[in-house]
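Report on the following structure.
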Amino acid sequence: MGFILRRLGFYIAAFWVSITLNFILPRLMPGDPVSRMVARLQGEIRPEQVDALRRSFGLDDSPVLVQYWHYLAKLFSGDMGFSISRFPTPVTTVISGQIGWTLLLGFSALIIAVIIGNTLGILAAWRRGGFLDSVLPPILVFLGSFPYFWLAMGLLWLFGITLGWFPLRHAFEAGTSPQLSLAFIGDVAYHLVLPATSIVLVSIGGWLLGMRNTMIATNAEDYIVMAEAKGLRSNRIMLRYAARNAMLPAVTAFGMSLGFIVGGALLTEVVFAYPGVGYQLLQAVQALDYPLMQGLFLTITAAVLLANFAVDIVYVRLDPRVRAN
Amino acid sequence: MSLAQDPRAMAEMDLGIGPDEVLTTPVPQKTPKSPRSGLIHGLLSNSKSVAGLIILALFIAVALLAPIISPGDPMLIQGFGAEPPSAAHLFGTTAKGQDVLALNLWGARSSLFVGFIVGVAATFVGLLVGLASAYFGRGLDNLLSLVTNVFLLLPGLPLLVILAAFLPQGMGTVIIVLVITGWAGSARVLRSQALSIRGKDFVAAAQVTGERGLRIMFREILPNMASIVMSTFIACVIFGIGAQAGLEFLGLGDMSTISWGTNLYWASNDGALLTSAWWVFIPPGAAIALVAFALALVNYGVDETTNPRLRRPRGRVHAAAPTPVTASPKGQDR
C-alpha cells in the first residue's frame, strides 16, 4: 500500500508540473498569445472571442500568483476554456470527441506489437544463435530506424494509393456516422489497418530486443539449470521459468510506451488524417488555438499518468518484492 | 519518434533493467590501458560497429562537402516539376522543380548538426544530473530523480509540439526543445550506472584521501562509465535526428533551412504521395533510417565490447549453457 501511495504522490507531482508548464508557457512567449492571435487572424476574430480568450488565459493585470490561482481553480472545476478554431465549443467537448480514436489506434498497435515482439524475443533468446536470433533482430532494428511517420507515408503510398487496398485517411468512411453495427465496426477496423501496422512495424524491434536481452540474463540463472536437471520439458522451462521472470522489464516498458501511444501516435495520425488528439493538436497549433492546445496537452498528460499508475498497480501484483518493501 | 528512437524507452530496454534496479553491466576494470582506448580498440575490431562507423563517415563527408558536390542553392528551380529520376537529375525533381539529390545532400548538414548538438547537450545534462544524484545522494538525489522521472513521463512528442508552438521559430528553438524533452532518459541510465560505481571501494578510498567532490565525480567515476556515456550519447543523437525530422515534418521546426525533415514536409505538402512521386519522399526517410541504423550498429559494438554476455556465441548454443568466455589477447582483456 505504501508503494502505491508513494507512486500516487509522484503522479500528482508530475501532473502539477505539466499544469504549471501549461500556465507558464504562454507567458514566456514574446507578446501575449491573445494579441498574437488577433494579429494573425486579422478580422476573423470577433470581439467577444477576444474577451473569452483573455478570460480563458486569465490574462489581466492581477499579479502572476493570483492569475495562477484562478487558473488552477478553473482547471479543477473542469473548465478548459473555449476552442478558438471551433468557437464557441468548449475545449473539453472537442477533446472528448477525439480521445477515443487515439486510444483505439494506440492500444491496438501497442498490444499487437507487445505480443508479437515479446514472443519473438522469448524464442530468439531461447535458441541463441538460431534462425530467429540471427535474422530477425537486424531486420527489425533496421525497420525501427525509420522515422515512423515516414514508414506510415510509405505504407499509405504503397497500399493505399498504388495498390488501393486500404483507405487513405480518416477513421471511418465519410458519410457514415459512429454507430454500433457490424458494418461500422468492420469499416473502423479496415481504416485502422495501415496506421496500426506502421506503428507495429517500427516498435516491434524494441520489444524483441528488450525481451531477448533480459531472457539471456535470466537463462543464466541457477533455477533454470535446476529446472533442466529436474527434467522438465523445454517449453515449460522457457515459458514458466525463464520468460515469466524476464517479463518485468517489459511491464515497465509497457507503462512507458503508454506515453508513446497517446502522444506519440501524433505523427501517424497526421499522415492518415486520423481524427485523434494528436491530429487535433497539430490543427490547434496551426490555427493558433492556444486554449485547445493546452487542453489537449493536459489531457494527453493525464491519460499517460493514469495509465502508468494502472501499470504500477499491476506491477505490485506481479512482483512480490515490491510488496515486501 | 519511434520506440526505437526514443532514448527514454530504448535505454531501458537495451539494458533490460527495471527502473529501480541498479545496473549490472560489468564495470570495466582498471587496466594499464585507459578504458577509453580499450573501447575504441574494441569498436574497431567489431564488425558491426565498423560497418556503422563507415556509413556515418560517408554521411558526414557528404554533409561537409555538400557545397562542393552540389554547388548553388538547392532551393532553386532546376527543371520541370515532378520529373522521375534521370541522368540530369539522379533522384528526380520535386513538384516545384528542385533537384531532390541536392536538397537531400544539403539537408544532411542541418539534420546531422542538430542531431549531434542535441546528442552532446542532452548527454551532458543527463551526465551532470546523474553524477550529482549519485555522488551527493539523499535529498539532492531524491529531488533530481523526481524531476527526471517527471520529464520521462511527460509525453515527449506533444510536449515538443507545444514547446515549439509557443517559442519563436528557429534552429536554436529546435535544439533547446529537443534537449528539454530528451535529457531525462540519459539522466536515468547514467544515474544508475554512476550509483553502482559510487559504491565501489576506490571511490571510498578517494574520499578518504580527501579528494574534492568534483574531482571524484569527473576523474574517478566518469572514466569508469565511458561506455555507457557513449551509448547514451548515441541514443540521444538518434533521438535528436528523428525528433527534429518529426517536428519539421509537422512544419514546426526551423522552416527556413533545408533538412531531411523539411524535405519530407514539402514532399507531403506538395502531394508527392498522391501523385506517386516516390523519388521525392523516399530519399530523406532512407537517409534518416541509414544514419539511425549506423548509430545503432555502433551502439551494438559498444555493448558487445563492454558486455561479454551479449557476444554472439558461435553456432547454436542451448539457452541454459554457460556462455563461454574466450580468453582474449593481452591488453584487450577487460
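The values are calculated or read from the model by the stated rules, or taken from the named source; none is laboratory data. Note that the coordinates shown come from a computational prediction; the quantities given were computed from them, not determined experimentally. So basically every Cβ, Gly included, is an ideal-geometry build from the backbone, and we count neighbours across all protein chains shown.
The listed residues are A:Gly2, A:Gly9, and the only one of them that is within 14 Å of chain B (Cβ to nearest Cβ), modelled with pLDDT of 70 or more, under 30 Å from the mean Cα position of the chain (by Cα) and exposed (fewer than 12 other Cβ atoms within 10 Å of the Cβ) turns out to be A:Gly9.
Just one of the listed residues (A:Pro275, A:Pro320, A:Pro291) is more than 8 Å from chain B (Cβ to nearest Cβ) and touching a strand residue (DSSP E or B) at 6+ places or on another chain (Cβ under 7 Å), namely A:Pro291.
Scanning region A:231-253 for residues that are in a helix (DSSP H, G or I), more than 10 Å from every other protein chain (Cβ to nearest Cβ) and either touching a residue at least 60 places away in the same chain (Cβ under 8 Å) or of a type in the set (A, V, I, L, M, F, W, C) (or both) yields A:Leu239, A:Ala243, A:Met247. B:Leu143 meets each of the listed conditions (1) in a helix (DSSP H, G or I); (2) surrounded by fewer than 24 Cβ atoms within 10 Å (Cβ to Cβ); (3) in contact with a Gly (Cβ under 8 Å, 6 or more places away or on another chain); (4) not basic (Lys, Arg) apart from (3).
Out of B:Arg188, B:Arg109, one residue alone is within 14 Å of chain A (Cβ to nearest Cβ), part of a helix (DSSP H, G or I) and among the basic types (Lys, Arg). It is B:Arg188.
Based on this model, can you work out whether A:Leu110 counts as part of a helix (DSSP H, G or I), among the hydrophobic types (A, V, I, L, M, F, W, C) and modelled with pLDDT under 70? For A:Leu110, the condition - part of a helix (DSSP H, G or I), among the hydrophobic types (A, V, I, L, M, F, W, C) and modelled with pLDDT under 70 - is not met.
Take B:Ile221 and tell me if it is under 25 Å from A:Phe142 (Cα atoms), aliphatic (A, V, I, L, M) and out of contact with any Pro (no Cβ under 6 Å at 6 or more places or on another chain). The answer is no for B:Ile221. Looking at the structure I just gave you, is A:Val314 free of Cβ contacts under 8 Å to residues at least 60 places away in the same chain and either more than 9 Å from chain B (Cβ to nearest Cβ) or surrounded by fewer than 24 Cβ atoms within 10 Å (Cβ to Cβ) (or both)? So A:Val314 fails the test.
Looking at region A:165-177, can you tell me whether even one residue there is modelled with pLDDT of 80 or more, charged (D, E, K, R) and over 20 Å from B:Leu273 (Cα atoms)? Scanning region A:165-177, I find no residue that is modelled with pLDDT of 80 or more, charged (D, E, K, R) and over 20 Å from B:Leu273 (Cα atoms), so the answer is no.
Here the condition is being within 14 Å of chain A (Cβ to nearest Cβ), aromatic (Phe, Trp, Tyr) and under 24 Å from the mean Cα position of the chain (by Cα); of B:Phe249, B:Phe233, it holds for B:Phe249 alone. Looking across region B:208-226, just one residue is polar (S, T, N, Q) and modelled with pLDDT under 85, and that is B:Asn224. Would you check if there is a residue in region A:122-143 being touching a residue at least 40 places away in the same chain (Cβ under 8 Å), among the β-branched types (Val, Ile, Thr) and within 8 Å of chain B (Cβ to nearest Cβ)? Scanning region A:122-143 turns up at least one residue that is touching a residue at least 40 places away in the same chain (Cβ under 8 Å), among the β-branched types (Val, Ile, Thr) and within 8 Å of chain B (Cβ to nearest Cβ). Would you mind stating whether B:Glu211 is in contact (Cβ under 8 Å) with a residue 12 or more places away in the chain and either touching an Asp or Glu at 6+ places or on another chain (Cβ under 8 Å) or surrounded by fewer than 24 Cβ atoms within 10 Å (Cβ to Cβ) (or both)? No, not satisfied.
If I ask for residues that are among the hydrophobic types (A, V, I, L, M, F, W, C), facing another protein chain (nearest Cβ under 8 Å) and buried (at least 17 other Cβ atoms within 10 Å of the Cβ), which ones from region A:144-186 would you list? Those that are among the hydrophobic types (A, V, I, L, M, F, W, C), facing another protein chain (nearest Cβ under 8 Å) and buried (at least 17 other Cβ atoms within 10 Å of the Cβ): A:Phe146, A:Phe149, A:Trp150, A:Leu151, A:Met153, A:Leu156, A:Trp157. Residues in region B:68-93 that are part of a helix (DSSP H, G or I) and surrounded by fewer than 12 Cβ atoms within 10 Å (Cβ to Cβ): B:Ile68 only.
Listed here are the residues, each with its yes/no results for (1) within 14 Å of chain A (Cβ to nearest Cβ); (2) under 30 Å from B:Arg215 (Cβ atoms).
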{"position": "B:Asp73", "(1), (2)": "no, no"}
{"position": "B:Phe80", "(1), (2)": "no, no"}
{"position": "B:Pro84", "(1), (2)": "no, no"}
{"position": "B:Gly92", "(1), (2)": "no, no"}
{"position": "B:Ala134", "(1), (2)": "no, yes"}
{"position": "B:Thr148", "(1), (2)": "yes, yes"}
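Within region B:224-242, can one find any residue that is assigned to a helix (DSSP H, G or I) and within 27 Å of A:Ile161 (Cα to Cα)? Yes, region B:224-242 contains a residue that is assigned to a helix (DSSP H, G or I) and within 27 Å of A:Ile161 (Cα to Cα).
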